[in-house]
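Note sheet for the following structure.
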């Protein structure tokens, strides 16, 4: 008999199915507070162990990394994501990581800054003060265009089908559906029909981009060109299928998480005017009336802290999970091979032991003298260990530049009566978007009045 950690009382055959419930995130948080550093429950056939202490998380992601593999959810997603960097394992993953690393060197990332700012400014040219917009939808569209232009530079017309297809995938990959095996993709039901159609659209677009790049492989610096030219130790090249899998991974991971970080940041800033004012004071001091660039990022320290604190409260990746391949011993318990271990950013980032008043939005938690006291895995929005997100630096620079570029032009306000609800799927998405009303930033509004006065004077003369 295996001595299991404490946990919630099971419900007959199904055990516990929090992801199918009305409020999975509060449920997980309540269980962690009730049962402590490690708790157990069964969801149908899955045995789940939640680890709620930085040392236990480090033991899995670093100390016992060879005794775990990607969990059922990620493995089940291989039928549409393929065997890219997110889903691959072992030597295959290590080889892919080496091939991809040059595209994420510091100098290469800095070269993307102008694209990020220019595309944000282009988006803002269509915004008008007073209108209500779904900011999550806008951030998704923007970050998708950024990742395509930075990593797979093609014209906007080439990616028309990608946003809606990606949304269909993510919308149908939430809750209990994440546990269903890949065979369910063949079910003749509306949900699976929509997913199959989304994958078909994505494949058409991605394979077309690959064919175009193979026809002109000398494009400088972008990720796809790097992969097309890459050779393995035996001289072999990546196949179209392997290239497709990497592109699918970066289309998902390269825009979804940054869009969410920004979306939740706007939501939080609208609720915390004092933080917003402090952010604007930094923009005035560092940027004045000019656009931001990569050289400004190190000086935008408060802006970065705002993003970090947003990702603490609303981590785009709300949990990491691994399947145990060899028995693990931790916290005084044996976790048997075949079980799932879950490490939740949502839980750890709200742990009062590491974050006093955990529900308070306080960017100054990330002042160096405070942040350096945190254990390694008290805060891990980009994962950790050997499989930490390869694009973490890219994502942080993008989030800061997009944030300050928009903030220089507009302030975003919550819409009365609209409730924003986070839903845990592959990522932490707002259930019904984030509708917000635009207000012109006073300096921007004054600039517009000056321009209008100049135009009127010119007409009179």
Looking at the range 300-315, is at least one residue part of a loop (DSSP other than H, G, I, E, B) and over 25 Å from the mean Cα position of the chain (by Cα)?
no
Flag for residue 413 being surrounded by fewer than 20 Cβ atoms within 10 Å (Cβ to Cβ) and part of a strand (DSSP E or B):
yes
Do the conditions hold for residue 334, that is, is it farther than 30 Å from residue 420 by Cβ, in contact (Cβ under 8 Å) with a residue 24 or more places away in the chain and in a strand (DSSP E or B)?
yes
Residues that are in a strand (DSSP E or B) and either loosely packed, with under 13 Cβ neighbours inside 10 Å or touching a residue at least 60 places away in the same chain (Cβ under 8 Å) (or both): does the range 3-17 have at least one?
yes
Lone unmet requirement of (1) part of a helix (DSSP H, G or I); (2) out of contact with any helix residue (DSSP H, G or I) (no Cβ under 7 Å at 6 or more places or on another chain); (3) buried (at least 18 other Cβ atoms within 10 Å of the Cβ); (4) at pLDDT 90 or above for residue 61
(2)
Subset of the range 423-441 that is surrounded by fewer than 19 Cβ atoms within 10 Å (Cβ to Cβ) and more than 25 Å from residue 281 (Cα to Cα) - its residue that is nearest to the chain's Cα centre (by Cα):
425
Within the range 78-107, restricting to residues that are out of contact with any helix residue (DSSP H, G or I) (no Cβ under 8 Å at 6 or more places or on another chain) and not in a helix (DSSP H, G or I), the one that is surrounded by the most Cβ atoms within 10 Å (Cβ to Cβ) is 89
Picked from the range 80-123 (must be more than 21 Å from the chain's Cα centre (by Cα) and touching a residue at least 40 places away in the same chain (Cβ under 8 Å)), the residue nearest to residue 207 (Cα to Cα) is 99
Can you pull out the residues in the range 41-55 that are surrounded by 21 or more Cβ atoms within 10 Å (Cβ to Cβ) and touching a strand residue (DSSP E or B) at 6+ places or on another chain (Cβ under 7 Å)?
41, 49, 50, 51, 52
Residue check, residue 358 modelled with pLDDT of 95 or more, in contact with a helix residue (DSSP H, G or I) (Cβ under 9 Å, 6 or more places away or on another chain) and more than 30 Å from residue 118 (Cα to Cα)
yes
Pick out the one residue from 358, 424, 375, 430 that is closer than 30 Å to residue 121 by Cα and not in a helix (DSSP H, G or I).
430
If you go through the range 278-287 one residue at a time, do you hit one that is modelled with pLDDT under 95, part of a helix (DSSP H, G or I) and closer than 25 Å to residue 391 by Cβ?
no
Restricting to the range 288-297, give me the number of residues that are assigned to a loop (DSSP other than H, G, I, E, B) and crowded, with 19+ Cβ neighbours inside 10 Å.
1
Can you confirm whether residue 225 is without any contact (Cβ under 8 Å) to a residue 24 or more places away in the chain, touching a helix residue (DSSP H, G or I) at 6+ places or on another chain (Cβ under 9 Å) and either farther than 14 Å from residue 363 by Cβ or buried (at least 23 other Cβ atoms within 10 Å of the Cβ) (or both)?
yes
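Yes or no, residue by residue, for (1) at pLDDT 80 or above; (2) out of contact with any helix residue (DSSP H, G or I) (no Cβ under 8 Å at 6 or more places or on another chain); (3) assigned to a strand (DSSP E or B); (4) surrounded by fewer than 20 Cβ atoms within 10 Å (Cβ to Cβ):
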position: 220; (1), (2), (3), (4): no, yes, no, yes
position: 233; (1), (2), (3), (4): no, yes, no, yes
position: 241; (1), (2), (3), (4): yes, yes, no, yes
position: 246; (1), (2), (3), (4): yes, no, no, no
position: 249; (1), (2), (3), (4): yes, no, no, no
position: 257; (1), (2), (3), (4): yes, no, no, no
position: 260; (1), (2), (3), (4): yes, no, no, no
position: 269; (1), (2), (3), (4): yes, no, no, no
position: 276; (1), (2), (3), (4): yes, no, no, yes
Among the candidates 66, 22, residue that is surrounded by fewer than 19 Cβ atoms within 10 Å (Cβ to Cβ), assigned to a loop (DSSP other than H, G, I, E, B) and modelled with pLDDT of 85 or more
22
Restricting the search to the range 76-100, which residues are touching a strand residue (DSSP E or B) at 6+ places or on another chain (Cβ under 8 Å) and more than 24 Å from residue 198 (Cβ to Cβ)?
89
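Matching residues to (1) at pLDDT 95 or above; (2) in a loop (DSSP other than H, G, I, E, B):
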{"position": "390", "(1), (2)": "no, yes"}
{"position": "405", "(1), (2)": "yes, no"}
{"position": "449", "(1), (2)": "no, no"}
{"position": "458", "(1), (2)": "no, no"}
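The values are calculated or read from the model by the stated rules, or taken from the named source; none is laboratory data. The model shown is predicted, which means the values in this text are computed figures rather than measured ones. Cβ sites come from the backbone with ideal geometry, for glycine too, and all protein chains shown count toward neighbours.
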